[in-house]
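J.: First, the structure itself, so that you have it in front of you.
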Amino acid sequence: MNNNIERVQSYLTFRLGDETFAANVKQVLEILEIPRITKVPHSPDAMRGVINLRGNVMPVINARLKFGLPDAPDTVTSCIIVMELQIEDQQVALGAVVDAVQEVIEISDESLQPAPSIGSKYKSEFIRGMAKINDQFIMILDLDLIFSTDEATILQEIVEDVESEQE
């Protein structure tokens, strides 16, 4: 029996500035054009606000700010990636504004290289690794690590507050 079977996973690639990131497609629910985003007072810096997604309030973050990159205005290619995160024992749906969605690619676990630990201009604590594809480095994200438990609790409280105001 061969135990050396490569595990290949599918990733959705997207751009933030000059950098390419990838998220496991198993956690990506959908991609949206950017609707009107309602700002929420006293929310964390990286939070753009909330949107109504088919009757549900969903928090939307600015992925550039969350990853330590400078903010930039939305463009025609900007969109929201709706993803599902596992934070502690609950599933949380969250939108992330990105500069552009690119494509779905297949990457084997063996081809992942460790994320750089020094000299990095972006926050690397949620980077699972890097892959080199067509002479370009792609940072593979661990979506479940993007938010600390405290941040997830704050986002959940904001959603609950907005929902209770709508009733």
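Taken together, the values in this text are just the output of simple stated rules run on the coordinates, not laboratory data. Because the structure is a prediction, the values reported are computed rather than measured. Every residue, glycine among them, receives a Cβ derived from its backbone with ideal geometry; neighbour counts consider all protein chains shown.
J.: If the chain were replaced by its equivalent ellipsoid, with semi-axes equal to the square roots of 5 times the Cα gyration tensor eigenvalues, what would those be, largest first, whole Å?
T.: 29, 18, 15
J.: Per-residue HN-Hα couplings for region 78-90, Karplus 6.51 cos²θ - 1.76 cosθ + 1.60 at θ = phi - 60°, whole Hz, x for Gly and Pro?
T.: 5, 7, 10, 9, 8, 10, 10, 10, 9, 10, 6, 10, 10
J.: Let me ask something else about it. With the contact rule set at Cα under 8 Å and sequence spacing of 6 or more, what percent relative contact order holds for region 8-166?
T.: Over region 8-166, the number comes to 26 percent.
J.: Output the antiparallel fraction of DSSP beta bridges having both residues in the chain, as a percent to the nearest 5.
T.: 85 percent
J.: Next question. Per residue of region 22-38, what does 6.51 cos²θ - 1.76 cosθ + 1.60 with θ = phi - 60° give for ³J(HN,Hα)? Whole Hz please, x for Gly and Pro, Karplus curve as stated.
T.: These are the phi-based 3J(HN,Hα) values: 9, 10, 4, 5, 4, 9, 8, 8, 6, 10, 10, 5, 7, x, 5, 9, 8 Hz.
J.: Could you give the angle, 0 to 90 degrees to the nearest 10, between helix 149-166's Cα long axis and the longest principal axis of the Cα atoms of the chain?
T.: 40 degrees
J.: How high is the FRET efficiency between Gln9 and Gln166 when r is their beta carbon distance and R₀ equals 35 Å, given to the nearest 0.05?
T.: The calculated FRET efficiency here is 0.40.
J.: Next question, about the same structure. Given H placed on each backbone N at 1.01 Å, which residues far from Leu53 in sequence or on other chains put an amide H within less than 5 Å of it?
T.: For Leu53, whose amide H was placed from the backbone, the distant partners under 5 Å are Met58.
J.: Name the residues whose placed amide hydrogens come within less than 5 Å of the amide hydrogen of Gln102, ignoring near sequence neighbours (fewer than 5 apart) on the same chain.
T.: Distant-sequence amide H within range of Gln102: Thr13, Phe14, Arg15.
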